[in-house]
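The values are calculated or read from the model by the stated rules, or taken from the named source; none is laboratory data. Keep in mind it's a predicted model, so treat the numbers as computed, not measured. Because the Cβ atoms are built from the backbone with ideal geometry, glycine has one as well, and the counts that use them run over all protein chains shown. Areas reflect the complete protein model, heavy atoms only, side chains present, ligands, DNA and RNA absent. Shrake-Rupley method; radii C 1.70, N 1.55, O 1.52, S 1.80 Å.
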Amino acid sequence: MSSQTAEVPRSTPRTVAVEMRLLPVEWRAVLFGLGSFILDLQHAAQELEEAEAIALPTLATTLTAFHMTIRTTLSLRAAIETALERNQSPQRYNRAKAGTVGRVAVRHASLSVLPSILDDAAQKLRDTGHAAQAEAMRAVFHKVQLWIGSRG
């Protein structure tokens with residue numbers, strides 16, 4: 001008798017990329033919020049690495065989660081930067097488009113996490129005495145939150 005192994009087809013969860021359109025200045029505010037979020041994650045990961053009271057398996061799992069979140073956030077940031085660059089290219093070479101400011105579309109699976117990141121960034125700006133910037137960030141937060149709410 002020979003033993004046979006059958007491969008069971010596994011369904012891999014598909015992450016659906018969604019598209020959001022914002023003005024370039026709004027995307028720049030999002031980039032600022034993402035940068036702040038990445039710095040916070042890196043700082044938290046460093047503090048965890050230095051902690052001695054955490055069991056090694058727990059530490060490894062937590063650090064892996066931090067690193068995956070950082071990579072995902074960097075991927076989202078790169079998608080936004082690429083979309084902004086693509087939007088600038090036709091404007092450089094086409095004088096008719098040079099005076100128009102249109103919305104820039106970004107496709108990424110992680111756009112749904114933006115509201116909490118932007119809300120946190122607005123609060124940090126307010127806490128550090130940057131009220132005008134905090135209000136601008138809050139406006140982008142509300143716009144993104146409405147967009148996410150209309151999708152879900």
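Observations on the model:
- Count of residues meeting criterion [closer than 23 Å to Val18 by Cβ and surrounded by fewer than 17 Cβ atoms within 10 Å (Cβ to Cβ)] in region 120-142: 3
- The residues of region 50-90 that are part of a helix (DSSP H, G or I) and charged (D, E, K, R), listed by number, are Glu50, Arg71, Arg77, Glu81, Glu85, Arg86.
- Qualifying residue in region 49-65 (condition: open to solvent by 40 Å² or more (accessible area, probe 1.4 Å), under 22 Å from Ala109 (Cβ atoms) and not hydroxyl-bearing (Ser, Thr, Tyr)): yes
- Search result, residues across region 13-48 that are in a strand (DSSP E or B), open to solvent by 20 Å² or more (accessible area, probe 1.4 Å) and either farther than 13 Å from Val106 by Cβ or touching a His at 6+ places or on another chain (Cβ under 9 Å) (or both): Val18, Glu19
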